[in-house]
Amino acid sequence: MMKKYSLLLLLLPLCFVNFSFVSSWKKDEFRNCNQTPFCKRARERTPQSCNLVVSDVKIDDGDLTAKLLPRAQEGKIEGEAESDDSSAKPLLLKLSVYQKGILRLKINEDPSLNPPKKRFEPPEVVVPEFENGKLWLQQVSTIQIDGDSSPSSVVYLSSDHEAVLRHDPFEIYVRWKDSGKKLVSVNSQGLFDFEQLRKKKEGEDGKGEDWEERFRSHTDTRPYGPQSISFDVSFYGADFVYGIPEHASTSLALKPTRGPGVEFSEPYRLFNLDVFEYEHESPFGIYGSIPFMLAHGRAYGTSGFFWLNAAEMQIDVLAPGWEGDSSKPMEGQRIDTLWMSEAGIVDAFFFLGPSPKDVVNQYATVTGNPSMPQLFATAYHQCRWNYRDEEDVAQVDSKFDEFDIPYDVLWLDIEHTNGKRYFTWDRALFPNPEQMQNNLVAKGRHMVTIVDPHIKRDDSFHLHKEATQNGYYVKDASGKDFDGWCWPGSSSYPDMLNPEIRAWWADKFSLDNYGGSTSSLYIWNDMNEPSVFNGPEVTMPRDALHYGGVEHRELHNAYGFYFHMASAEGLLKRGGEKDRPFVLSRAFFAGSQRYGAVWTGDNTADWDHLKASVPMVLSLGLTGISFSGADVGGFFGNPDPELLVRWYQLGAYYPFFRGHAHHDTKRREPWLFGDHNTALMREAIRTRYTLLPYFYTLFREASTSGIPLMRPLWMEFPSDEATFNNGEAFMLGNSLLVQGIYEERAKHFSVYLPGGQSWYDLKNGAMYSGGKTYKLEATEDRIPCFQKAGTIVSRKDRSRRSTTQMEHDPYTLVIALNSSLAAEGELYIDDGKSFDYQQGAYIHRHFLFSDGRLSSSNVAPASGGKPFSSNCVLERIILLGLPAGAKGALIEPVNLKTEVESGPLMLRKGSKPVALVIRKPNVRVSDDWSIKIV
């Protein structure tokens, strides 16, 4: 953020740091691949340079185990002394098979050969339930596969697939049983390399490139030498690959980074960084990292590959012909990738699909489903750095009511604290924080405050005193408490890898410890990459030390994950584990979806960033982070009214919907741009509130399956090639298609409506055939939204000022009939805040329209748990695609008759009748009933 550079101008006279003031992001402030030794070495390797072969294959404890040896050591006599050369030491390989056809590959150093330390494996990322799904292998078959000169070991994977371990040269791949064709493979291109740990020999210079690493004015020591790992992964039958967030791009599919005719010469970087005003078209990494890639194509469907590794990672997507030998025939349609990491082990998971939803569900089986949010968190959030004081807060809150704009959460940034000391308040500006929060609660609203990981090194600050006395800080390479610069000036960082320290941190959120807080206060974790202003690349040095002697280089990408975890645990403990927490995090890693929401960081108020927000949020959803969004309006800069309106119209469909702005920008609350623009933004926000029943049902689906709310078109239409690289439109659930408008003063827009069914324009009810691209008029009052024929969407159409006041409002069903005059949909309801739903306290209804009859049935499993009921009724049923002639409807079993009449799609002033509507059937949404068109 810009604010850190302003702070540094004040700090520079006080400390000797070499940190340049910048007014925008400069690439030379960050390392490229050639300046990153492990990346440069891996990229220099040539195809088939790996000389490892497989030996000693056996089944052990339900897994296939083997050794990887340099080819020269094959057949070595057992017990013969190993070479001092670490590259000659055998590696241990293990293959494990789990339910849903998940294959896990682990490769590590042999602990019996006394490596100088244990290589780091990130704890808490894989959920415990996953291990319970292990399938115990009973046997391994050793066969000669046609065309191979050496044998291969084959094990069962699923009814359709088997895993093959090729002995010489070493290769692991999954293939189809019926055809023998490959699906996903590791080391098919022979690029595998594993640098084993070692200690300096007596008399060896500790200053060489093996033992230290320099970038600009910073030097990181490497006490165990280079420890990187690299290997190729190939996806067969793939047309495109996706995922590995976080990067800013308008392309949903990952573009090739190496090979003939590539646009980028840098790999995709996964290294959590506080990047100031990031570029919108770049493979450069920003705030979070998830090393999970999906491949999709018409030939084999969808597959995925996840490498559980928290060190810096660089990934090349290789263009056809990257090997440099264009005459060599390619082994079918495939996409090759090169994965490079600075440290860790190989702990990789193969996901076989075959559908897109299967793959994301399989990944969620490993890292966990997204948490179920409170209802208020799914609504609109209003944020700024910073609302000045309690008077400012009260005025903003009252203005939303004055202009009849709903919102649920008001946020406070760092300026609310006492001198950047978290868990405190500036009592001059916020003298009565409890009352301020209670005033919001009286209107059904909530507050969020920021809590960052850097702790001000001030001996009078109780948090610093406790952390220092208990030894809770990350250490520098010499073993002293690490001291870096952030908002408070001199700061230290709690070592969140340590469970004891996470528990200590969680206790700080109690109402007793966090003075001025209430149970309606929720949390925002920023700067948790972790950001260190005077550190290399604005982050913590790689040789800093964590719990158990783990080097920061080994866990860097997971630091924010553990910080997020501790904060969420704090809110759980504060509420006696009765209320669901809400914690927004900027940094993230695999598994972060279990702890709350994520946003895309410091974007900019321009049209390109608006456009890039869609593929960024889609990529997060594909890799587990379902609850995400981009700052509406852009964090930096001053959007003109048209851009701001378009951003509200798009942001209303993000899973996380928040307006946010830098303190140097002009105030941009929705009422500050004239009555006309205020009306447009009001309508966009109301659209979100109208759709909250549908959103909440989708959040429930995500929390049980991992399937995201906001989906790429190809997730719902996996065989439609026109959807494969469409990052401008998206599906919200399986029913709504949203097309953004990303050009200033656009008069028209183009939208592709996938084939298979028709689509209904939710503004005017017009029907369009699928499988075509349409050029339609762009109007300023909305962005296009279409409902797929054959679906039913639940809404609440009455305008309220917050979700709390919507609780007892009636529902509307929008039924879009397909060519068979049928449709179906679901509605999920619970109390919106507690964990009682886990004991069965919820309503889950299935709606089906068929043969002229709409019926409601219960799909919740029978449960003896906590009861939950609702007296909410159905006040409108909107029918799209029903042939003319219907005059009435018979409600059963009460045998009441009501009329079918022409009516509007939305209950808004000036809306025209464009659909058939059943008004006031007044059946309870929790009951079984049917309504027959007569």
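Overview of values
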read-out	value
Convex hull volume per residue in cubic angstrom - Cα atoms of region 126-169	104 Å³
Cross-link partners of Lys100 among aspartates and glutamates (Cα-Cα below 14 Å; sequence separation of 8 or more within a chain)	Glu129, Glu131, Asp160, Glu162, Asp358
Alpha-carbon Debye profile of region 849-905, log10 I(q)/I(0) at 0.21, 0.23 Å⁻¹	-1.03, -1.16
Protection proxy ranking of 757-769, 282-294 - average other beta-carbon atoms within 10 Å, highest first	282-294, 757-769
Karplus 3J(HN,Hα) series, Hz, for region 719-735 with 6.51 cos²θ - 1.76 cosθ + 1.60 (x for Gly, Pro)	9, 8, 4, 5, 8, 5, 10, 8, x, 9, 10, 7, 9, 9, x, 9, 10
Residues whose placed amide H lies under 5 Å from that of His446, excluding near-sequence neighbours	Val409, Leu410
Unsatisfied cross-links (Cα-Cα over 23 Å) in the set Lys833/Lys920; Lys399/Lys909; Lys118/Lys475; Lys40/Lys207	Lys833/Lys920
Förster radius 51 Å - calculated FRET efficiency between Lys27 and Asp459, Cβ distance, rounded to 0.05	0.80
41 Å tail of the calculated P(r), the chain, as % of Cα pairs	39 percent
Under Karplus coefficients 6.51, -1.76 and 1.60, residue-wise ³J(HN,Hα) of region 805-812 in Hz, glycine/proline x	7, 8, 3, 9, 5, x, 9, 10
Electrostatic dipole magnitude of region 819-889 [Cβ: Lys, Arg +1; Asp, Glu -1; Cα centre; debye, to 20]	180 debye
In Å², nearest 10: area of Lys40 left accessible to a 1.4 Å probe	90 Å²
Protection proxy ranking, peptides 849-857, 553-561, average beta carbon neighbours within 10 Å, highest first	553-561, 849-857
Probe 1.4 Å, accessible area per residue of the chain, Å²	36 Å²
With all protein chains modelled, accessible area of Glu807 [1.4 Å, Å²]	110 Å²
Gyration tensor verdict on region 721-856 (Cα atoms; rounded if a/c is under 1.5, prolate if a/b is larger than b/c, oblate otherwise)	prolate
Beta bridge orientation in the chain: antiparallel %, DSSP, nearest 5	85 percent
Simple Cβ-charge dipole of the chain, Lys/Arg +1 and Asp/Glu -1, about Cα centre, in debye nearest 20	2320 debye
Part-to-part distance (alpha-carbon centres) for region 523-554 and region 166-210, which is given in Å	28 Å
Whole-number D in µm² s⁻¹ for region 475-572, Kirkwood Cα-pair radius fed into Stokes-Einstein, 4 °C, 1.567 mPa s	91 µm²/s
Interchain or long-range residues, amide H under 5 Å from Val900's placed H	Gly888, Ala889
Nearest-10 value in Å² for the accessible area of Lys775, using the 1.4 Å probe	150 Å²
Region 704-755 - Rg (one decimal) and Dmax (whole number), Cα, Å	12.2, 42
Under 5 Å, built H, 5+ apart or other chain: amide partners of Lys181	Trp176
For the chain, with +1 on Lys and Arg beta carbons and -1 on Asp and Glu, the positive-most of Gln48, Trp714, Thr219 along the dipole	Trp714
Options Leu375, Gly304, Ile414, ranked by Cα towards positive dipole end of region 267-426, top entry (Cβ charges)	Gly304
Eligible aspartates and glutamates near Lys200 by straight Cα distance, threshold 14 Å, same-chain separation 8 or greater	Asp84, Asp85, Glu209, Asp210, Glu212
Point-to-point label distance, Ala88-Phe403, nm (Cα→Cβ direction, 7 Å offset)	7.4 nm
For region 703-767 versus region 565-628, the gap between their alpha-carbon centres in whole angstrom	23 Å
Relative compactness, region 511-632, computed as alpha-carbon Rg over 2.2 N^0.38 Å	1.18
Cross-link table Lys67/Lys357; Lys796/Lys912; Lys117/Lys201, entries beyond 26 Å C-alpha to C-alpha	Lys67/Lys357
Stokes-Einstein D in µm²/s, Kirkwood radius over Cα pairs - region 155-302 at 37 °C with 0.692 mPa s viscosity	175 µm²/s
Whole-angstrom Cα spans of region 426-510 along principal axes, big to small	53, 28, 18
Distance between modelled label sites at His748 and Arg667, nm, 7 Å Cα→Cβ extension	4.2 nm
Three-way shape label, region 230-288, alpha-carbon gyration tensor, a/c 1.5	prolate
Positive minus negative residues near Asp458 (Lys, Arg vs Asp, Glu; Cβ under 13 Å)	+2
Estimated vicinal HN-Hα couplings, Hz - region 749-756 in sequence order (Karplus 6.51, -1.76, 1.60; Gly, Pro = x)	9, 10, 9, 9, 9, x, x, x
Per-selection Kirkwood Rh - region 269-396 (Cα, Å, 1 d.p.)	18.8 Å
Solvent-accessible surface ranking, highest first, for Arg388, Arg682 at 1.4 angstrom	Arg388, Arg682
Region 789-848 - convex hull of alpha carbons, volume per residue in Å³	89 Å³
Cα gyration tensor shape of region 90-191, rounded if a/c is under 1.5, else prolate or oblate by comparing a/b with b/c	oblate
Rounded Å value of the spacing that divides the Cα centres of region 809-830 and region 335-368	35 Å
Spatial extent of region 581-662: Rg and Dmax, with the Cα atoms as the point set, Å	12.3, 38
Share of carbon and sulfur in the accessible heavy-atom surface of the chain [1.4 Å probe, %]	47 percent
Within-13-Å neighbourhood charge of Asp483 [Cβ basis; K, R +1; D, E -1]	+1
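The values are calculated or read from the model by the stated rules, or taken from the named source; none is laboratory data. This one's a predicted model, so the numbers in the text were calculated from it and none came from an experiment. Quick reminder, even Gly has a Cβ in these numbers, built from the backbone with ideal geometry, and neighbours come from all protein chains shown. Surface accessibility is based on the protein's heavy atoms, side chains included, excluding ligands, DNA and RNA. Shrake-Rupley method; radii C 1.70, N 1.55, O 1.52, S 1.80 Å.
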